[in-house]
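Everything on this sheet refers to the single structure shown next.
No lab work stands behind these numbers, since they all come straight from the coordinates. Here the structure is a predicted model, which means the values were calculated and not measured. Here the Cβ positions follow ideal geometry from the backbone for every residue, glycine too, while neighbour counts run over all protein chains shown.
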Amino acid sequence: MLLERKLCVGCTDSLDNAKKLDNLSNNRFIVECKCKRRYVFDKELNQYQRATFAEEQQLLRQLEKERQHSK
């Protein structure tokens, strides 16, 4: 119910205010709420879902690659 209204399930803050971390694909990006919960927004469906462990690992790998390229 909360995710349908685009609210964090932990702190009920609006996920539209969440910090965008990175794109997972052309239609999906991952955001982090102020309470540190992570969500994936699907542009086609116009909805959020909790980020899976695999999606969080994908984000961490992308961030690590970017960090290595900036050295």
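The long axis of helix 53-69 is offset from the longest Cα principal axis of the chain by roughly 40 degrees.
Here the relative contact order of region 15-69, from alpha carbon pairs under 8 Å that lie six or more residues apart, stands at 23 percent. Within the chain, the proportion of C-alpha pairs whose separation exceeds 21 Å stands at 25%. Name the chymotrypsin sites (Phe, Trp or Tyr not before Pro) in region 37-66 that are in a loop by DSSP and that have at most 13 other C-beta atoms within 10 Å, would you? Sparse-neighbourhood loop chymotrypsin sites (Phe, Trp or Tyr not before Pro): none present. In the chain, helical runs assigned H by DSSP with n ≥ 4 each contribute -39500 (n - 2.57); averaged across all residues and rounded to the nearest 500, the mean residue ellipticity at 222 nm is -8000 deg cm²/dmol. The loop-placed GluC sites (Glu not before Pro) in the chain, going by DSSP, that have at most 13 neighbouring Cβ atoms within 10 Å of their Cβ come out as GLU4, GLU44. The lysine pair count for the chain, using Cα distances under 24 Å and pairs eight or more places apart or on different chains, is 16.
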